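These notes concern the structure reproduced below.
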Amino acid sequence: MKIKEQLTQDLKQSMIAGEKERRNTIRYLIAQIKNAEIKKQDELEESEISDLLLKQSQQRTESIEAYSEANRSDLVDKEKIELEI
């Protein structure tokens, strides 16, 4: 199964299960993929989508570090949940 299809399926499941954080995170990732496709003016390859998801993961990790240094545990927890998803 392709990554985009898997994300769409996961989005549907999270909506049915009422998992707000999971739903919001998956929606954000799908939006990032669509924005990248608009910028490229073509559909992304699987490897490009994987790279984009890896970049998002790295951003979450950097955010966790920054929020930890600023003693913002509420934001650290939010970023950790998103990173886990």
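Does the stretch 29-50 contain any residue that is open to solvent by 50 Å² or more (accessible area, probe 1.4 Å) and in contact (Cβ under 8 Å) with a residue 40 or more places away in the chain?
Yes, the stretch 29-50 contains a residue that is open to solvent by 50 Å² or more (accessible area, probe 1.4 Å) and in contact (Cβ under 8 Å) with a residue 40 or more places away in the chain.
Restricting the stretch 1-35 to residues that are in contact with a helix residue (DSSP H, G or I) (Cβ under 6 Å, 6 or more places away or on another chain) and hydroxyl-bearing (S, T, Y), which is farthest from S50 (Cα to Cα)?
The residue in question is S14.
Please go through the stretch 1-28 and give me each residue that is among the acidic types (D, E) and exposed (fewer than 12 other Cβ atoms within 10 Å of the Cβ), ordered by number. Spell out how you get there, then give the answer.
Going through the stretch 1-28, the residues among the acidic types (D, E) turn out to be 5, 10, 19, 21.
Answer for the stretch 1-28, where residues must be among the acidic types (D, E) and exposed (fewer than 12 other Cβ atoms within 10 Å of the Cβ): just E5.
I'm trying to understand the selection: among the residues of the stretch 51-78, which are within 20 Å of L7 (Cα to Cα), open to solvent by less than 50 Å² (accessible area, probe 1.4 Å) and of a type outside the set (A, V, I, L, M, F, W, C)?
Correct list: Q56, S57, R60.
The values are calculated or read from the model by the stated rules, or taken from the named source; none is laboratory data. Not measured: the values here are computed from a predicted model. Glycine also receives a Cβ, built like all others from the backbone with ideal geometry; neighbour counts cover every protein chain displayed. The area values use the complete protein model at the heavy-atom level, side chains included, leaving out ligands, DNA and RNA. Shrake-Rupley method; radii C 1.70, N 1.55, O 1.52, S 1.80 Å.
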